[in-house]
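Shown next, in structure tokens, is the structure this report addresses.
Read-outs throughout are calculated quantities, based only on the coordinates presented, and are distinct from any laboratory measurement. What you are looking at is a predicted structure, and each value in this text was computed from that prediction instead of being measured. Here the Cβ is made from the backbone with ideal geometry for all residues, glycine too, and neighbour counts use every protein chain on show.
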Amino acid sequence: MIVTTNRHASQRQIVAATKSRPRVSSIGAKAFLLEAPGEFDLAAQRRIWALSRSVKGWADLAEDIPGMTNLLVIFKETPEDPDAVVARLLQAWENAQSIDLKGKIIEIPVHYGGEHASDLPALCDLSGLSDREVVRIHHQATYRVFAVGSAPGFGYLHGLDPRIYMPRKTVPSLKMAKGCVTIGGMQTGVAMLTGPNGWNSIGFAALEMFDPNSPTPAMMAPGDTVYFLPARIEL
Amino acid sequence: MIEILESGPFNTVQDLGRPGYRDIGVTASGAMDPLAVRIGNILVGNDENAAAIEVQTFPFRLRFEQCTVFAVTGADGNPDLDGSELLPWCAHAAEAGQILELKQPPRLARVYIALGGGLNVPVVMGSRSTSLRGGFGGNAGRPLAKGDRIALGEDAEISMLPAAGLAVVEPAVALRDIFPAPADGVLPIRALPAGEHHLFAGDGEAFWRQTWRISSRSDRTGYRLSGDPITPTASVEMRSHGVVPGVVQVPPGGEPIVQMSDANTAGGYPKIAGVIECDLWRLGQARVGACLQFVRSTHAEARTVERAVARYVDDIRQTSKMVKRALKAMA
């Protein structure tokens with residue numbers, strides 16, 4: 001393992017020595033982000049899930065947040081030796097076995113097109129596909145919940161067909177409705193809150209997916225499998 | 001019980017927050033100036049994490065329906081009880097029927113009202129803080145409004161309060177060595193470079209050098225900063241990852257956003273820096289239009305600041321206990 005620190009002592013920039021080394025950087029003094037090297041795929045995510053499981057045993061850990069092939073680790077105290085923390089995280093990554101979270105199956109009925117599909121025409125332009133094709137490609141795929149975050153219960157779904165990739169918007173929609181079915185880069189999901197949103201909406205789902213008073217507030221959990229069912233197509 | 005007589009928008013019930021649920025997308029929430037909440041709660045004899053009122057739009061008025069110990073902390077400005085001005089950062093007792101009024105503070109942003117026993121609203125996912133984004137917690141998940149009546153918890157120390165009140169030296173004064181006052185109106189905010197700092201090349205240095213102004217499009221979720229835009233040398237599509245309050249993200253427009261108490265729990269914009277936790281209360285007290293400059297810091301400096309704040313809070317905790325015990329013994 002090669003760990004290099006930047007000239008500035010405070011930079012804490014771990015530069016990947018080879019393509020297979022993760023990158024660790026810090027956000028403020030207590031939080032460290034480990035980004036898996038390589039492809040954005042299920043294999044990398046399984047190792048992130050394994051890493052998440054092993055850091056949960058650390059006595060000085062406050063919280064860990066799995067992201068898309070990355071893990072944010074928040075410590076209770078600002079570490080005295082941040083380089084040692086970085087080394088510990090890299091070591092844990094080396095030791096992390098791939099685990100597969102089995103999860104449950106969630107079926108989400110979607111009203112594709114219609115008033116909430118505000119970005120469907122732009123996606124057709126970008127992909128060169130017809131709206132019917134975009135919708136078909138979206139609902140025929142099998143998705144896995146890689147991580148939950150951004151809004152209460154919002155699941156980041158992996159498994160998008162690259163043909164309907166669409167980058168996040170430069171200028172977010174100011175008031176996208178809760179329930180919009182969206183694409184952001186190679187990720188897809190269902191908006192959990194009405195508000196500003198940089199992803200691209202192609203439809204709408206009415207399913208309630210978060211209840212703060214439930215012992216398990218979020219319906220989606222990492223590892224779950226999600227199918228979008230075309231309940232209605234309005235093009 | 002207290003009754004809200006007058007409130008502007010977005011005044012909420014907040015404690016020290018709801019950590020532990022970021023992995024299901026739930027923002028920690030909590031006071032924008034947690035230090036003020038801790039001190040207020042200690043003064044009235046509460047657990048430091050008891051729920052208080054965060055007032056950020058003024059004027060604000062409430063009526064006490066029972067004899068209650070309270071302390072007003074946070075922004076610069078004196079509270080007013082039945083028309084007479086009171087010391088802030090001081091525990092006082094109010095009689096049933098008395099009215100507390102807060103006016104717009106001269107310079108700072110947020111005032112906290114700590115009440116003996118704390119606000120007795122339900123604990124949702126481990127906290128009494130209002131999650132405005134999620135619409136739960138606090139006062140039924142929404143800001144306070146005229147006519148709201150809120151129950152108070154049991155007040156154990158009401159009989160122990162000195163008649164003249166119990167005051168502390170506020171943190172901006174007591175800790176002026178570690179929290180330097182704004183110079184030429186520019187607030188120094190310590191931060192560490194974050195993950196994508198290197199992508200900004202020369203603009204990375206401009207980020208630290210220039211003065212940023214807090215834009216009017218700022219709230220408890222994030223502060224948007226105006227200044228000369230900074231841009232990364234290459235456009236990056238980040239994979240979504242967890243974020244924490246204090247992260248300074250740079251969206252494509254080039255004007256940074258600092259995530260605050262109602263921070264998003266995940267993000268994908270390049271991160272240029274992360275404000276150290278101990279400086280977040282100063283940002284929480286900075287108003288729209290205020291100027292700030294980021295100061296490059298280190299983990300070691302963050303620890304020094306944390307220790308100084310811990311000593312200050314410990315000292316208040318010990319001293320207020322001692323004073324109350326002594327008064328009780330003399331009574």
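Tabulated values for the structure
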item: Reach of A:LYS30 by Cα under 20 Å, taken over lysines that are not fewer than 8 positions away in the same chain; result: A:LYS56, A:LYS76, B:LYS271
item: Candidates B:TYR223, B:TYR312, B:TYR112: whichever shows maximal mean-square fluctuation once chain B is modelled as a Gaussian network with Cα springs under 10 Å; result: B:TYR312
item: Debye, to nearest 20: dipole size of chain B, +1 on Lys, Arg Cβ, -1 on Asp, Glu Cβ; result: 300 debye
item: Chain A - Debye-derived log10 I(q)/I(0), Cα point model, q = 0.10, 0.12 Å⁻¹; result: -0.53, -0.73
item: Within-13-Å neighbourhood charge of B:PRO232 [Cβ basis; K, R +1; D, E -1]; result: -2
item: Region B:221-331, relative contact order in percent, only Cα pairs under 8 angstrom and at least six apart counted; result: 22 percent
item: Dipole of region A:166-235 [Lys/Arg +1, Asp/Glu -1 at C-beta], most positive-end residue of A:SER214, A:TYR227, A:VAL181; result: A:VAL181
item: Mean separation of Cα contacts under 8 Å, 6 or more apart, over the residue count of region B:118-173: relative contact order %; result: 29 percent
item: Two-decimal Rg to Rh for region B:98-222 - Kirkwood Rh, Cα set; result: 1.05
item: Equivalent ellipsoid dimensions for the protein assembly as shown as semi-axes, Å, which come from the Cα gyration tensor, largest first; result: 42, 28, 22
item: Charge dipole magnitude, Cβ of K and R +1, D and E -1 - region A:32-80, Cα centre, debye nearest 20; result: 240 debye
item: Estimated vicinal HN-Hα couplings, Hz - region B:105-115 in sequence order (Karplus 6.51, -1.76, 1.60; Gly, Pro = x); result: x, x, 10, 8, 9, 9, 10, 10, 10, 9, 10
item: Inter-part distance where region A:159-209 and region B:58-93 are each reduced to a Cα centre, Å; result: 45 Å
item: Other protein chain Cβ atoms within 10 Å, averaged over every residue that makes up A:215-221; result: 3
item: Mean projected area in nm² (Cα convex hull; one quarter of hull surface) for region A:158-225; result: 5.2 nm²
item: Cross-link reach list, aspartates and glutamates versus A:LYS175, counting only Cα pairs under 14 Å and skipping chain neighbours closer than eight places; result: A:GLU115, A:ASP119
item: Cα-based Kirkwood hydrodynamic radius, region B:20-166, one decimal, Å; result: 15.5 Å
item: Straight-distance crosslink candidates among lysines, where the alpha carbon sits under 21 Å from B:LYS328 and sequence neighbours closer than 8 are dropped; result: none
item: Residue among B:ALA183, B:ALA266, B:ALA109 with the largest mean-square fluctuation in a Gaussian network model of chain B, springs linking Cα atoms under 10 Å; result: B:ALA183
item: Extent along principal axes [Cα atoms of chain B; Å; largest to smallest]; result: 69, 39, 33
item: Neighbouring partner chain Cβ atoms per residue of B:23-34, average, 10 Å criterion; result: 5
item: Helix-only [θ]222 nm of chain A, DSSP H runs n ≥ 4, -39500 (n - 2.57) each, per residue, nearest 500; result: -6000 deg cm²/dmol
item: Check: region B:221-310 dipole with +1 on Lys, Arg Cβ and -1 on Asp, Glu Cβ, in debye; result: 100 debye
item: Shielding by partners, peptide B:192-201 (average Cβ within 10 angstrom, other chains); result: 5
